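The values are calculated or read from the model by the stated rules, or taken from the named source; none is laboratory data. This structure is a prediction, so every number in the text was calculated from the model and none was measured. Glycine gets a Cβ as well: all are built from the backbone with ideal geometry, and neighbour counts include every protein chain shown. All accessible areas refer to the heavy atoms of the entire protein, side chains included, with ligands and DNA or RNA removed. Shrake-Rupley method; radii C 1.70, N 1.55, O 1.52, S 1.80 Å.
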Amino acid sequence: MALHIKLIKNNIKSSNSYGKYFAKSVSQGEITLDEIGKEICKNSSFSEGTVIGVVTELQDTLKEKLREGQTVVLPGIGRFSLRVESIGVDDPKDFNIRRHITRIVCGFLPAGRRIQGRHILYDFCEGVKIIWHKGFKP
């Protein structure tokens, strides 16, 4: 399998990289839980219903543990945690949760390892080839 790319021109005039072209990945579609269940069923002894049931229960448990403030670590997949975004205040006494918390977001850090102490090689990215999207080549 390969990651398809195309080039996109930066048209943001205030940007230092205005007018330059950058690679952008192109999705090759989406896959549903049912389709993933069928794939896993073909490659294992698990039934499709069992796979879907386990993934659904994982989703429910993940939500519950995140709501409890825990970081969920799934080896080979990554870490999930909730974080808040807020408006800053000058004095901590002025901070009001309802007024100053703007949203809650789920953070995801994919599993990976450091290469030569410098950059991180993410498990999901290892071995991926890059090709031009549908014959696109400048």
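Taking segment 1-17 as the range and being touching a strand residue (DSSP E or B) at 6+ places or on another chain (Cβ under 9 Å) and not hydrophobic (A, V, I, L, M, F, W, C) as the test, the residues that pass are 4, 6, 9, 10. If a residue must be loosely packed, with under 12 Cβ neighbours inside 10 Å and closer than 23 Å to residue 3 by Cβ, how many such residues does segment 36-56 contain? Total meeting the criteria: 1. From 107, 88, 117, 69, which residue is in contact with a strand residue (DSSP E or B) (Cβ under 8 Å, 6 or more places away or on another chain), farther than 21 Å from residue 27 by Cα and in a loop (DSSP other than H, G, I, E, B)? Result of the check over 107, 88, 117, 69: 69. Of the residues making up segment 57-101, those that are polar (S, T, N, Q), over 27 Å from residue 126 (Cα atoms) and open to solvent by less than 80 Å² (accessible area, probe 1.4 Å) are 61, 86, 96.
Sub-6 Å Cβ pairs linking a first residue in segment 95-120 that is closer than 24 Å to residue 77 by Cβ to a second residue that is open to solvent by 90 Å² or more (accessible area, probe 1.4 Å) and aromatic (Phe, Trp, Tyr), at least 6 apart or interchain, are 110/124, ordered by first then second residue.
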